[in-house]
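Take a look at the structure below.
The values are calculated or read from the model by the stated rules, or taken from the named source; none is laboratory data. Note that the structure is a prediction, hence the values are computed from the model and not measured. Every residue, glycine among them, receives a Cβ derived from its backbone with ideal geometry; neighbour counts consider all protein chains shown. Quick note on the areas: whole protein, heavy atoms, side chains included, nothing else; ligands and nucleic acids left out. Shrake-Rupley method; radii C 1.70, N 1.55, O 1.52, S 1.80 Å.
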Amino acid sequence: MESAPSSVHSDADHATLARLAAYLCKRQNTLNERLLLAVRRDPGIVGADSLTYREFVDHLPGLFMALRDFLQDRGAVARNDGVRTDAQQHGQLRWRSGYRIDELLRELELFRKVIVADLARCGPAIPGFEGPLAAMARERVSEFFAEVACNAAQQFVNEQQRLLQSYTQKIERALHERQRLTTVVAHELRNLLQGMTYAAKVWACETNGERVRAQIQVQMQEMHDLLEQLLGHSELMAGCHAAQCEPFELPRLFDELVVAHRDAAQQKGLQFVGDCTTAPAQVIGYRLKTRQIAANLLTNAIKYTPEGQVSLEMAARDKDTWVIRVSDTGPGISAAQSVRLQTGVKQPDEFLPGRGIGLGITKDLVDFLGGSLEVATPPAGGTCIEVTLPARVIPGPE
């Protein structure tokens, strides 16, 4: 019975394999082209269709160098971390190129066949390359590609696991946020409904119901505002950003906000103060989301300020940023609530008592726009919330 090829022992055999390895490295451009042609013809490898020639072959020289070392020394793969690194890079690049794992393995098998075919075709031209030595060379090529396939596939699986972990974390965050919002919305709607129930009982005892009708109208408007805020936040969490990032004029936005909120403040007997004199004339960003930030802050300030004033200010901070500043003379926000609002760290059963869902949504919008939010309690009382936004928002992935 014929025995399997044995290990190389003679200096002549070592020299022959060294010449063979060097010969293959010199022919790598030709072998690359043959490999690419074989891959293009294989109907089971569709991921390569989108690759340019350069993208396909850029990292292959490292594999050729590793093959050269392995042909000369059976233990080279086990001792050379560079071989493992080259194989992992191959798996990572093919993952990023959109390959499936079966396409990766099919490509490496085609690579092996191209090398073996070239050995059969051109090997006899190398002195001493025949018989058992040729069989050993083929065996080492197969061992090498088995090692490469193992490491490349492992890297491919690692990339998949990282992506899966990222998706899992996003889902967990979304579920956590949904639970928190459900708690907040239930709390707010319960308060509004209790107010409407009380108003209805009073109305039943009143001969003149105008005052109660006005109270119910306010409660219904607040409920409408709450649901609008929730809808806007749901779109933000779902990544539905229909609006485009574009230039818009701050003075015009400021005027819209003043018109929309001044009457509500005056109806409560509050003074409404506004200033936009130092704001940039134009910024680039998401106009509707920016408007919602200011509107949420103003709505909360008016709602929870029993007397005094509410103010809106837009101003330039420096050449790259600008601020929205909303102040009121209301009861203020506690230190713990302020920390949670500024950091965004919330528990599922936590909300900002007396401030509703609006501030939580505002923080998420500010984060989306790449800005920051600070809360201060002036010595005289009240609350001042300052939102710093970039003058040029960089759109994120849609």
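Observations
- Label-zone membership for the range 33-58, site Arg100, 7 angstrom Cα→C-beta point, backbone N under 15 Å: 42-49
- Amide H to amide H distances under 5 Å link Arg392 with Ile284, where only residues 5 or more positions off or on other chains count and H is placed in the peptide plane.
- For the range 285-294, Karplus couplings with θ = phi - 60° (6.51, -1.76, 1.60), whole Hz, Gly/Pro x: x, 9, 4, 5, 5, 4, 4, 5, 4, 5
- List His14, His261, ordered by accessible area with a 1.4 Å probe, largest first: His14, His261
- With a Förster radius of 35 Å applied to the C-beta separation of Ala15 and Tyr53, the computed FRET efficiency comes to 0.50.
- Note on Ser97: accessible area is roughly 40 Å² with a 1.4 Å probe, heavy atoms of protein only.
- Between amide H atoms placed 1.01 Å from N, distances below 5 Å from Asp42 occur with no residue 5 or more places distant or on a separate chain.
- Taking all protein chains as they are arranged and a probe of 1.4 Å, the heavy atoms of Lys363 leave approximately 10 Å² accessible to solvent.
- Spacing of the modelled spin labels on Ile284 and Ser142, each 7 Å from Cα toward Cβ, amounts to 6.0 nm.
- Cα-based convex hull, the range 265-306, per residue volume (Å³, whole number): 80 Å³
- Averaged over residues, the count of other Cβ atoms within 10 Å places the peptides 161-171, 134-144 in the sequence 134-144, 161-171, highest first.
- On the beta carbon distance between Ile394 and Cys122, with R0 = 56 Å, the FRET formula returns roughly 0.55.
- For the residue pairs Lys113/Lys170; Lys319/Lys363; Lys170/Lys303; Lys170/Lys268; Lys268/Lys289, the alpha carbons lie more than 31 Å apart in Lys113/Lys170; Lys170/Lys303; Lys170/Lys268.
- Per-residue HN-Hα couplings for the range 92-100 [Karplus 6.51, -1.76, 1.60; θ = phi - 60°; Hz; x = Gly/Pro]: 5, 5, 5, 4, 5, 7, x, 5, 8
- Simple spin-label estimate for Glu374 and Arg291 gives 2.9 nm between the two label positions (7 Å along the Cα-to-Cβ direction from each Cα).
- Estimated FRET transfer efficiency (Arg173, Asp318; beta-carbon r; R0 35 Å; 0.05): 0.60
- Fully extending the segment from Arg252 to Glu109 would add 45.0 nm, taking 0.36 nm per residue of separation and subtracting the current Cα-Cα distance.
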